[in-house]
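Reviewing the structure listed below.
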Amino acid sequence: MKKALIAGLILGGGIIGSGSVGAQVPDNQRPPLVTDYANYPGTPQAFLTPGCDYTGVLNPTFGTHNSVTNVDIGPVSDLSLLPDLNEADLVRMAWTDVAPECVGSAVSFVVKVAQGPRFDPNVDQLTGPNGGYSVEFLVPGPGEITFPMPDLARFGLGCNYQLDAIVGVPLQDVGPSGSYFTEALRIQQGKQTADNRTTVISAKNGEYLICTVPTTTVPVTTPLTVPTTTTPSTTTATTIPTTSPPTTTPFIVTQATPTLTAYVEYPPTTPKRTPLAETGFFTDLAILFAVALFILALMFLALSHPERMRSE
């Protein structure tokens with residue numbers, strides 16, 4: 001299967017050459033990422049010829065083209081010696097020759113979506129789809145492979161990365177749920193297999209100097225749009241507080257005003273308004289009472305001396 005794919009790439013133009021220099025596989029023809037972690041790196045998914053490891057790419061050097069300053073940096077002997085990278089920077093690895101045991105093997109650049117700027121073997125680091133890796137197949141003689149640093153903000157973990165140059169096709173997951181490029185880490189993490197090859201040529205961990213998370217992620221763009229759309233309703237919000245104070249203030253004043261007015265209009269001198277002596281009520285009652293007593297006296301006399309009353 002592996003030989004058939006390599007032959008197909010050569011016949012189809014996936015690997016073309018000027019002399020012995022190979023060419024990168026187009027993205028739509030890249031072999032899929034390795035998921036056979038139990039057998040890595042000996043799995044056919046890795047596209048490694050027998051006996052090929054990181055030493056089979058001779059005299060590797062690294063460089064980058066800065067997408068912001070348009071300046072080329074390098075060559076240097078290790079990826080870690082390059083300055084911090086940015087999205088769209090073009091990273092390059094070149095070599096002077098290929099060991100016979102590695103001819104026909106894949107060589108790759110891969111970026112892992114990391115959760116921090118330093119490598120942590122206890123955390124899974126996944127290869128992002130759509131631009132997470134590039135692949136070339138090795139031929140005798142000098143060669144090179146390039147890789148544009150992808151957009152990492154879309155994964156929601158910030159702009160931390162792990163950039164690896166390896167022989168073979170990259171692992172989909174570097175970490176406890178996957179496997180590791182070095183034999184030492186596979187042994188340390190309990191991922192050791194019968195194949196003890198180390199595949200990583202060079203690596204670099206870091207964080208983009210310019211991170212586009214605030215401007216490209218949906219959660220940040222949406223709030224910026226909402227206030228713009230809601231600007232008219234800001235007037236409504238302003239009207240509500242403006243209306244509230246007048247409503248509260250008249251209510252308080254209205255209650256206080258009648259209370260104060262009542263005390264002003266009815267001072268404490270009001271007892272003078274009801275002098276009972278001026279009405280004559282008690283005088284009339286005394287006269288009536290006296291008349292009633294006189295009549296009662298006459299009636300008593302009449303009843304006591306009926307003879308006298310008749311003679312008279």
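None of the figures in this text is laboratory data; all of them are computed from the coordinates on show. Because the structure is predicted, anything quoted here is derived from the model rather than measured. FYI the Cβ positions are ideal-geometry reconstructions off the backbone, even for glycines, and counts take in every protein chain you see.
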(message) Given an 8 Å cut-off on Cα distances and at least 6 residues of separation, report the relative contact order of region 71-179 as a percent.
(response) 37 percent
(message) 5 Å is the cut-off here: which amide hydrogens, built 1.01 Å from N in the peptide plane, fall below it relative to A23, excluding neighbours closer than 5 in sequence?
(response) I16, F137
(message) Using the Karplus curve 6.51 cos²θ - 1.76 cosθ + 1.60 with θ = phi - 60°, what ³J(HN,Hα) values do you get for each residue of region 113-122, in whole Hz, with x for Gly and Pro?
(response) 7, 9, 9, x, x, 10, 5, 10, x, 8
(request) Would you grab the residues whose amide H sits under 5 Å from the one on S202? Only those 5+ places off in sequence or on another chain, please, with H modelled 1.01 Å from N. (result) A165
(request) Tabulate in residue order the Karplus-calculated ³J(HN,Hα) for region 92-99, using 6.51 cos²θ - 1.76 cosθ + 1.60 with θ = phi - 60°, rounded to whole Hz; enter x for Gly and Pro. (result) 9, 10, 10, 9, 8, 6, 10, 4
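Please give the peptides 27-40, 159-172 ranked by average Cβ packing (other Cβ atoms within 10 Å per residue), highest first, as a rough proxy for protection.
159-172, 27-40
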(message) Just to be sure I understand the model, the point goes 7 Å from the Cα along the line to the Cβ. What's the resulting T146 to T35 distance in nm?
(response) 3.2 nm
(request) Between N59 and I295, with labels modelled 7 Å along Cα→Cβ, what's the label distance in nm to one decimal, could you check? (result) 15.5 nm
(request) Enumerate the calculated ³J(HN,Hα) couplings along region 65-74 in order (Karplus 6.51 cos²θ - 1.76 cosθ + 1.60, θ = phi - 60°), each rounded to whole Hz, writing x wherever the residue is Gly or Pro. (result) 10, 6, 6, 8, 8, 6, 10, 8, 10, x
(message) Quick check: residue separation of S77 and A194 times 0.36 nm, minus the Cα distance between them. What number comes out in nm?
(response) 39.1 nm
(request) Any chance you could run the full-extension gain for D84 through V68? It's 0.36 nm times the residue separation minus the Cα-Cα distance, nm to one decimal. (result) 4.5 nm
